[in-house]
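Contents: one structure, followed by commentary.
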There are 2 protein chains.
Amino acid sequence: MRTILLTIEYDGTAYSGWQRQPNGLAVQQVIEEALCQLLGQNTELRSSGRTDAGVHASGMAAAFKTSANLPLKAFVEGTNHFLPIDIAILNAIEVPSGFKPISDALAKHYRYTILASAIRSPLRRLHAWHIRENLDVNAMQKAAVLFVGHHNFAAFRASNCSAKTTVRRIDSIEITREGDSIIIDVVGGGFLKNMVRVMTGTLVDIGRGRFEPEYIQQLLQNGDRKQAGVTAPACGLCLREVYYPQYLGEVLISPPEVF
Amino acid sequence: MRTILLTIEYDGTAYSGWQRQPNGLAVQQVIEEALCQLLGQNTELRSSGRTDAGVHASGMAAAFKTSANLPLKAFVEGTNHFLPIDIAILNAIEVPSGFKPISDALAKHYRYTILASAIRSPLRRLHAWHIRENLDVNAMQKAAVLFVGHHNFAAFRASNCSAKTTVRRIDSIEITREGDSIIIDVVGGGFLKNMVRVMTGTLVDIGRGRFEPEYIQQLLQNGDRKQAGVTAPACGLCLREVYYPQYLGEVLISPPEVF
């Protein structure tokens, strides 16, 4: 059996998230069905993690086992042939049989995009959170650095998050303004449910002047979800890359500079 | 009566183009109906020109007459309240009563976006023409400058284009690569039906090495549509700005540098 690791892009607008579920169509299910059509047998995908309903990805990672003796290119182009236009396989590599998509991941890069503009944007409506006020990006940057390191992110997760531990590692978080877009790039070792979205909601409150940047420290200490900001809308979030170590063989993508 | 000039953004994916027509829903119709709801009377929009089905705009210009004594901000926010999420009014200014949206326009800026990549992109599928081969951008640039000036664009229009004259003025055309995107920015005095799309299709043929850059000169001389390239897909095209002279009063947008 070979283990094949796929890099996947999808527009999450039409899906109920990555993970297969009884109600609603999941990205995982659509790709598994495409692989089944390509390979002629049921195929189970194991991903680096889940994404919520409506969240996008330009670099989701997911692996499957197969005995098919196809060239790697065929796993890309053959699967894409059976996929709808809002999902595509970007790359396929072969990895060692013991590969574990979740625990082998060194880090993930998420990007959250905010449109700070008095008027909404029809062309960016599916890929940004529209906020009518201008935001103090300097204050947001000052707050963001307080997330870097190992911290208890209990205040920054969905109320129904079932993770056993809430300590996570953030490697870097950068906030940049490009015209009327404000882009939040977060790289970290792992993320709780809705973590980037609650971090974003809280950073936006700071950008609005509702909290001081130092408020982040308080939330990391008290772990109280109710005192943090809103969960930012799913449409602004995109999983950009999952970083795996080079020992996997072929380098999937270059590791982040923080390592 | 006041004359109000609107700047409009829309995602053209769901529409049969700008202009009202018997079959299919046009952007013009949707905005006229929103203005009717806001103002309580039928309102006719006159635009700087049409866009084809599926073409986008981030700076369409269209004017209407009204006796409503509303502040300009209300024409923006009030109309947006009645518009769907894929259309928005960005700005409203008052212009002299003799204002003519087509003939007063000094120039228009269109942008055509190509995704040159072996794999299609789910996230950019609605706003770029996907081409699997890489393109020779230097050759395309060399060809593009030959469009600048007054020329007979008879070879670069829809076969059913009914314009009486086919001489048009191109002020500038710039081609830039941003990652795997190739962006064609065209500023000109006016455009025939499908003109930017046929220009793009021909530039892509040159980027593929099918024609030499100098072939553009030949097409501008012989005016033979059949010898030019394909009509590039609508989804890659966006009307970015319409430039009006400053004598209109308030400056809508700064005039292009070519003037």
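The single residue among A:L35, A:L45, A:L39 that is touching a Phe, Trp or Tyr at 6+ places or on another chain (Cβ under 6 Å) and crowded, with 17+ Cβ neighbours inside 10 Å turns out to be A:L45.
Looking only at the range A:4-18, filter to residues that are within 18 Å of A:I89 (Cβ to Cβ) and within 15 Å of the chain's Cα centre (by Cα); which one of those is farthest from the other protein chains (Cβ to nearest Cβ)?
Step one: of the range A:4-18, the residues within 18 Å of A:I89 (Cβ to Cβ) are A:4-12, A:14-15, A:18.
Among the residues that remain, those that are also within 15 Å of the chain's Cα centre (by Cα) are: A:7-12, A:15, A:18.
Numbers: A:T7: 10, A:I8: 9, A:E9: 5, A:Y10: 5, A:D11: 5, A:G12: 9, A:Y15: 11, A:W18: 14 Å.
Among those residues, the one meeting the criterion is A:W18.
So which of B:A154, B:A118 is part of a loop (DSSP other than H, G, I, E, B) and either over 24 Å from B:N222 (Cβ atoms) or in contact with a strand residue (DSSP E or B) (Cβ under 8 Å, 6 or more places away or on another chain) (or both)? It would help to see each step written out before you state the result.
Details: B:A154 fails: either over 24 Å from B:N222 (Cβ atoms) or in contact with a strand residue (DSSP E or B) (Cβ under 8 Å, 6 or more places away or on another chain) (or both).
Within the list B:A154, B:A118, the selection yields B:A118.
Out of all the residues in the range A:80-101, is one or more within 12 Å of chain B (Cβ to nearest Cβ), open to solvent by 50 Å² or more (accessible area, probe 1.4 Å) and either part of a helix (DSSP H, G or I) or free of Cβ contacts under 8 Å to residues at least 60 places away in the same chain (or both)? The answer is yes; a qualifying residue exists. Of all the criteria given as (1) within 14 Å of chain B (Cβ to nearest Cβ); (2) modelled with pLDDT of 95 or more, the one not satisfied by A:A144 is (1).
Report the residue count in the range A:51-75 for those that are in a loop (DSSP other than H, G, I, E, B) and free of Cβ contacts under 8 Å to residues at least 60 places away in the same chain.
Qualifying residue count for the region: 3.
Within the range A:222-246, the residues that satisfy the criterion of being over 21 Å from A:T113 (Cα atoms) and free of Cβ contacts under 8 Å to residues at least 60 places away in the same chain are A:K226, A:Q246.
Test B:R169 against the stated conditions and say whether it is modelled with pLDDT of 95 or more, surrounded by fewer than 18 Cβ atoms within 10 Å (Cβ to Cβ) and not β-branched (V, I, T). Outline the logic, then answer.
Details: modelled with pLDDT of 95 or more: yes; surrounded by fewer than 18 Cβ atoms within 10 Å (Cβ to Cβ): yes; not β-branched (V, I, T): yes.
The answer is yes for B:R169.
Among residues of the range B:102-121 being under 14 Å from B:R240 (Cα atoms) and in contact with a Gly (Cβ under 7 Å, 6 or more places away or on another chain), the one that is farthest from the other protein chains (Cβ to nearest Cβ) is B:A107.
Just so you know, in the range A:19-32 the residues that are over 20 Å from A:M195 (Cβ atoms) and within 14 Å of chain B (Cβ to nearest Cβ) include one that is surrounded by the most Cβ atoms within 10 Å (Cβ to Cβ), and it is A:I31.
Set side by side, the residues A:R124, A:R132, A:R157 differ, and just one is surrounded by 18 or more Cβ atoms within 10 Å (Cβ to Cβ) and within 14 Å of chain B (Cβ to nearest Cβ), which is A:R124.
The values are calculated or read from the model by the stated rules, or taken from the named source; none is laboratory data. Only a predicted model underlies this, so the values are computations on that prediction, with no experimental measurement involved. Virtual Cβ from ideal backbone geometry, glycine too; neighbours counted across all protein chains shown. Please note that ligands, DNA and RNA were not included when accessible areas were found on the heavy atoms of the full protein model with its side chains. Shrake-Rupley method; radii C 1.70, N 1.55, O 1.52, S 1.80 Å.
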